[in-house]
1. Through the Karplus equation 6.51 cos²θ - 1.76 cosθ + 1.60, θ set to phi - 60°, convert the phi angles of segment 213-224 into ³J(HN,Hα) values in whole Hz; use x for Gly and Pro.
2. Grab the beta carbon distance between E240 and I22, set R0 = 35 Å, and tell me the FRET efficiency rounded to 0.05.
3. Please work out how much length the chain gains when fully extended from L192 to F162, using 0.36 nm per residue of separation minus the C-alpha to C-alpha distance, in nm with one decimal.
4. Report, to the nearest 10°, how far helix 83-107 tilts away from the longest principal axis of the Cα atoms in the chain, using its own Cα long axis and a range of 0 to 90°.
5. If R₀ is 30 angstrom, what is the calculated FRET efficiency for the pair L177 and N11, using the beta carbon separation as r and rounding to 0.05?
6. Find how much the distance from R62 to E119 grows on full extension, using 0.36 nm per residue of separation minus their present alpha carbon separation; answer in nm with one decimal.
7. Write down the Kirkwood hydrodynamic radius of segment 81-131, to one decimal in angstroms, obtained as one divided by the mean of 1/r over all alpha carbon pairs.
8. Can you tell me the order of 7-15, 63-71 when each peptide is scored by its average per-residue count of other Cβ atoms within 10 angstrom, highest first?
Amino acid sequence: MSTATPARRRNGIVLFLAVTFITSWASWGLAIALGGSAMKPPVVLPYLFGAFGPLIGALVLRMRRARRRDPRPEHAVRTRPKVLFWAPLLLVLASASVVGAALLAHLLGGPEVNLSEAEELFKTAGGPAPFFVSMLVAGPLSEEAGWRGTAYPRMRASLGRFQVGLLLGVIWAVWHLPLFFVNGTVQEKLGLDSLSGLLFALSTIPMALLTGYAYERAGVFAAMAVHFAANTTMTLLGVEEPLVQAAILTVQTLLALVLLATHRSAPKPAPTPVPHPHQPLTDPAAPAPTPTHAEA
């Protein structure tokens, strides 16, 4: 099977990022212009649509690949039955990293760890089920097919896992910037010019490393599980204090580094040798010719 040329891979990444940023930033720009709360009509419509920018970018690239009959990216990971093992395991691990870091921050003088905000969140969402569905849709479902399922394997063709994680983490942070100006969002409450806003931006790097690890282990659904677990746990715990954010950033960075350092990528299959045009084809199973007296 042929592989995409470096120029074509770069063009694909540029197209994906262009569609993603234009879709998201145009939608969030409209939400900013409307001026109301992101949780109420009419602002909620462009606010939610903007979150689907990465998914739309992925669909555009998928349609172009089908039209051109290009091969799948070499580092693309298909969803396999092993996702049934890895997705729950990584979901628990991602959630535990947040809870553990919050407990560590409390020991260092931070706020007490509790679920006091959960009741209010469930009430606002209409119950636990709508809340968890909204956390799954806005983030994991709307983003991971793009960042991990589309951009990640194309970048991995020329970069290592740490490099891709760092680069995608920075891009991910920049992509979130307009949300700091949309009323009622988590980012707007943190503030762009605050320490909490800076820590939020930095937190996208270990999250990109963790979701990248999950993707390489078991595909997009595993990356969604990590994204969902981290976002949901932080929301339920009401993580806003800089000390708690810093603890989560540190714990998740260390966790990502350990996981990536102990996981080796699957070896690439050896290329099929192409015979020289003037070299006769031989059957490897045929017996070797009997040497002549001159050769003996």
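1. For segment 213-224, the Karplus-derived couplings read 4, 4, 4, 5, 6, 8, x, 4, 5, 5, 5, 4 Hz, x marking Gly and Pro.
2. Details: r = 31 Å, r/R0 = 0.88.
So the FRET efficiency works out to roughly 0.70.
3. Details: separation 30, 0.36 × 30 = 10.80 nm, distance 2.66 nm.
Extra length available between L192 and F162 comes to 8.1 nm.
4. The two axes meet at around 40 degrees.
5. Values: r = 25 Å, r/R0 = 0.83.
That gives a FRET efficiency of 0.75.
6. On the way: separation 57, 0.36 × 57 = 20.52 nm, distance 4.06 nm.
So the extension gain works out to 16.5 nm.
7. On the way: mean 1/r = 0.0759 Å⁻¹.
That comes to 13.2 Å for segment 81-131.
8. Working: 7-15: 14.7, 63-71: 11.6.
Peptide ranking by packing, descending: 7-15, 63-71.
The numbers here are math on the coordinates, done by the rules we state, and not lab data. Keep in mind the model is a prediction, meaning the values are calculated, not measured. No Cβ is skipped: glycine too gets one built from the backbone with ideal geometry, and neighbour counts run over all protein chains shown.
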